[in-house]
Amino acid sequence: MKINKIIMVLIAVVCLTAVAAFAAGDAAKGKTLFNDKKFAGGSKSCNDCHQNGKGIEKAADKKEFRIMGKTAKSLEEAVNLCIEGGNKGKAIDVKSQQMQDMVAYIMSLKASGTTKKPASGY
């Protein structure tokens with residue numbers, strides 16, 4: 001009987017993990033959006049202002065963002081402030097797959113360390 005309970009708990013954990021994985025964004029797709037000049041109807045890419053994520057590598061740790069004199073209470077809101085203000089595009093749905101992908105890419109910048117300065121060539 002105890003084994004059955006353990007198996008049921010393990011199955012539940014695996015299912016919940018799978019659901020969370022599918023619900024999360026795809027950082028590779030987010031990077032593609034980040035570099036797309038036509039994303040959200042804008043005229044330049046996010047990368048034009050934030051080359052290789054420069055300046056947003058700590059965004060994953062923030063709870064509030066100040067962008068162009070406005071305050072965003074989430075990373076999704078911050079993305080939309082940049083899209084509308086900096087890129088003159090149209091905000092995207094904060095629950096959309098595109099937003100999940102963009103957020104996944106931005107979150108990956110912290111983990112990847114891609115924005116670190118290159119070592120000097122002494």
| task | Taking the options K110, K116, K95, name whichever one is at pLDDT 90 or above and either assigned to a loop (DSSP other than H, G, I, E, B) or basic (K, R) (or both). | result | K95
| Is it the case that I83 is in contact with a His (Cβ under 8 Å, 6 or more places away or on another chain) and modelled with pLDDT of 90 or more? | no
| said: Please go through (1) farther than 19 Å from D26 by Cβ; (2) modelled with pLDDT of 90 or more; (3) of a type outside the set (K, R); (4) in contact with a Gly (Cβ under 7 Å, 6 or more places away or on another chain) for A104 and return the number of the only condition it doesn't satisfy. | reply: (1)
| message | One residue is enough: does region 34-43 have a residue meeting the conditions within 18 Å of S96 (Cβ to Cβ), charged (D, E, K, R) and either touching a residue at least 24 places away in the same chain (Cβ under 8 Å) or surrounded by 12 or more Cβ atoms within 10 Å (Cβ to Cβ) (or both)? | response | yes
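Conditions (1) touching a residue at least 40 places away in the same chain (Cβ under 8 Å); (2) touching a strand residue (DSSP E or B) at 6+ places or on another chain (Cβ under 9 Å), marked per residue:
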{"position": "G69", "(1), (2)": "no, no"}
{"position": "V79", "(1), (2)": "no, yes"}
{"position": "K88", "(1), (2)": "yes, no"}
{"position": "D93", "(1), (2)": "no, no"}
| note | Quick count over region 34-88, residues being in a helix (DSSP H, G or I) and on the phi > 0 side of the Ramachandran plot, is 4
| Matching residues in region 8-38 - criterion: being more than 21 Å from L109 (Cβ to Cβ) and either at pLDDT 70 or above or not aliphatic (A, V, I, L, M) (or both) | I11, C15, T17, F22, K38
| query | Can you pull out the residues in region 46-67 that are acidic (D, E) and out of contact with any strand residue (DSSP E or B) (no Cβ under 7 Å at 6 or more places or on another chain)? | reply | D48, E57, D61
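The values are calculated or read from the model by the stated rules, or taken from the named source; none is laboratory data. Because the structure is a prediction, the values reported are computed rather than measured. Neighbour counts run over all protein chains shown; Cβ positions are idealised from the backbone, glycine included.
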